[in-house]
Amino acid sequence: MVDKVMTLPRDKLGPAFGRLEADTMLQVERCLALFLGIAR
């Protein structure tokens with residue numbers, strides 16, 4: 001279970017290894033907004 005969100009510097013990330021469909025990314029963004037308490 002995720003209980004906190006944190007940022008990472010870009011130099012700590014590796015290369016991309018896949019893609020998400022637009023509708024899946026929208027679901028991720030909505031869940032993140034809800035988690036952060038900024039959802040409408």
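What follows draws every value from the coordinates through simple rules; no lab data is involved. Small disclaimer: the values here were computed from a predicted structure and weren't measured. We place every Cβ from the backbone using ideal geometry, glycine too, and count neighbours over all the protein chains shown.
Brief remarks on what is shown
- The long axis of helix 22-36 is offset from the longest Cα principal axis of the chain by roughly 60 degrees.
- Column: log10 I(q)/I(0), Debye, Cα scatterers of the chain, q = 0.16, 0.25, 0.26 Å⁻¹: -0.59, -1.04, -1.04
- Dipole in debye (nearest 20) - the chain, about Cα centre, beta carbon charges: Lys, Arg +1; Asp, Glu -1: 120
- For Val28 and Arg10, the difference between the fully extended length at 0.36 nm per residue and the C-alpha to C-alpha distance is 4.5 nm.
- By average C-beta atoms within 10 angstrom, highest first, the peptides 29-40, 3-14: 29-40, 3-14
- Rounded to the nearest 500, the 222 nm mean residue ellipticity of the chain from helices alone is -12500 deg cm²/dmol, with -39,500 (n - 2.57) taken per DSSP H run of at least 4 residues.
- Charge dipole (the chain, unit charges on Cβ, about Cα centre) - positive-most of Val28, Phe17, Thr7: Thr7
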